[in-house]
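To start, the structure itself, in structure tokens.
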Amino acid sequence: MKLAILLILFTSVGLSKQVNALQVGDLAPNFSLSSMHNENLVKLSDFAGKVVYLDFWASWCGPCRTSFPILSKLYQNYHAQGFEIVSINLDEKPKLAEAFLQQYPVSFEHLSGFGSEVDKTYGVNAMPTGIFIDAKGKVRLIHRGFKPNHKPFIEAVLQKLISEV
């Protein structure tokens, strides 16, 4: 009997987490984080009306080293069409993130997310995690991990979202 009650309890907790998890089709929750460039506060709502790719990353993440040059190229090619990349670093030590950015320089916005709840809000459980948000503020894709062969898929999604603007 106790085992059955525990099983029901754990199943209910698991389901409640799934129900509350961010899903494709949800409105992207707004947040406010410090820029790593100048410590100004940046809000997701600052990018309203644009296609946004939130990129959650950390300096220790191997696939992040692969993704940054590819994301940089996509940003250069599509920024003029209303595409923004907002990278959210989750390193505990800012110096590690700064060293990573020196090695992998890119021109899109970098925010400091460590100590905030933004990673929990967006259900980040793998590095990197990319979230595509359309111009209306809806989550359209949650992409976990990164390999070079993911680029064509990500670019196709990006082109579709830009065509909807």
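The values are calculated or read from the model by the stated rules, or taken from the named source; none is laboratory data. Source: prediction; values computed, not measured. Quick reminder, even Gly has a Cβ in these numbers, built from the backbone with ideal geometry, and neighbours come from all protein chains shown. Note: areas computed on protein heavy atoms with side chains; ligands, DNA, RNA excluded. Shrake-Rupley method; radii C 1.70, N 1.55, O 1.52, S 1.80 Å.
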Looking at (1) under 16 Å from the mean Cα position of the chain (by Cα); (2) crowded, with 18+ Cβ neighbours inside 10 Å; (3) of a type outside the set (Gly, Ala, Ser), which is the one condition that is false for residue 100? (1)
If residue 119 meets every condition in (1) open to solvent by 10 Å² or more (accessible area, probe 1.4 Å); (2) in contact with a helix residue (DSSP H, G or I) (Cβ under 9 Å, 6 or more places away or on another chain) apart from one, which number is that one? (2)
With the structure loaded, tell me whether residue 109 is surrounded by 15 or more Cβ atoms within 10 Å (Cβ to Cβ), of a type in the set (D, E, K, R) and out of contact with any Leu (no Cβ under 6 Å at 6 or more places or on another chain) or whether it fails that test. yes
Hey, residue 129 closer than 21 Å to residue 27 by Cα, open to solvent by 50 Å² or more (accessible area, probe 1.4 Å) and among the hydroxyl-bearing types (Ser, Thr, Tyr) or not: no
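Look at residue 144 and say whether it is without any contact (Cβ under 8 Å) to a residue 60 or more places away in the chain, of a type outside the set (S, T, N, Q), closer than 27 Å to residue 21 by Cα and open to solvent by 10 Å² or more (accessible area, probe 1.4 Å).
Considered against the rule, which asks whether it is without any contact (Cβ under 8 Å) to a residue 60 or more places away in the chain, of a type outside the set (S, T, N, Q), closer than 27 Å to residue 21 by Cα and open to solvent by 10 Å² or more (accessible area, probe 1.4 Å), residue 144 comes out as yes.
One line per residue, one yes/no per condition, for (1) under 17 Å from residue 22 (Cβ atoms); (2) at pLDDT below 95; (3) over 14 Å from the mean Cα position of the chain (by Cα):
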| residue | (1), (2), (3) |
| --- | --- |
| 75 | no, no, yes |
| 109 | no, yes, no |
| 114 | no, yes, no |
| 125 | yes, yes, no |
| 129 | yes, no, no |
| 134 | yes, no, no |
| 148 | no, yes, yes |
